[in-house]
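Note sheet for the following structure.
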């Protein structure tokens, strides 16, 4: 802006030179100069108002759910994204889009949202469940699952427990009174 402000009077003088011949209408050069002058003044006024408004209202501006599939939380109303569908996008239908601590728009991270996204990204299979881990404490969809090799008394409880697909579709230890009692006594 300093360059424009410095050259602004020079611009006006050169755009509208004085001459002895008065013309009843603007020449095309004068018309072009007027359009350019009007444009520059509008841009200057707009940019100053945006800077002022952006600095003072940062925390109060709304956030919008946008994107082709409603998966984006943004300060802009219409964010263009590729129109693809991922199962995790259903999780955002019940999530909260709002300003976060850093002042930016974003999805408020809750346990429910994180679990929903995790479940959507890793859907359960219908195959068998396997006991794994160094101490036999894991119940997973994957044969040969490994873990660190440490021992706690609670791991002994899983020797007689049932590793099977649970009501949520995932592999896990079936919770029985006997397993819960054993785990309670081990801790």
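Key figures for this structure:
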quantity: Residues of region 157-174 classified as part of a loop (DSSP other than H, G, I, E, B) and farther than 14 Å from residue 137 by Cα, total; calculated: 5
quantity: Complete set of residues in region 175-187 that are assigned to a helix (DSSP H, G or I) and either under 40 Å from the mean Cα position of the chain (by Cα) or closer than 18 Å to residue 151 by Cα (or both); calculated: 179, 180, 182, 183, 184, 185, 186
quantity: Among the residues listed as 154, 93, 120, the single one being in contact with a helix residue (DSSP H, G or I) (Cβ under 8 Å, 6 or more places away or on another chain), loosely packed, with under 15 Cβ neighbours inside 10 Å and not in a loop (DSSP other than H, G, I, E, B); calculated: 120
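Residues are listed down the side, and each one gets a yes or a no for (1) assigned by TED's automatic domain parsing to the domain that holds residue 179; (2) surrounded by 11 or more Cβ atoms within 10 Å (Cβ to Cβ); (3) more than 26 Å from residue 167 (Cβ to Cβ):
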| position | (1), (2), (3) |
| --- | --- |
| 70 | no, yes, yes |
| 79 | no, yes, yes |
| 104 | no, yes, yes |
| 111 | no, no, no |
| 137 | yes, yes, no |
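The values are calculated or read from the model by the stated rules, or taken from the named source; none is laboratory data. Everything numeric here is computed off the predicted structure, so don't read it as measured data. All Cβ positions, even for glycine, are placed from backbone atoms using ideal geometry, and neighbour counts span all protein chains on display.
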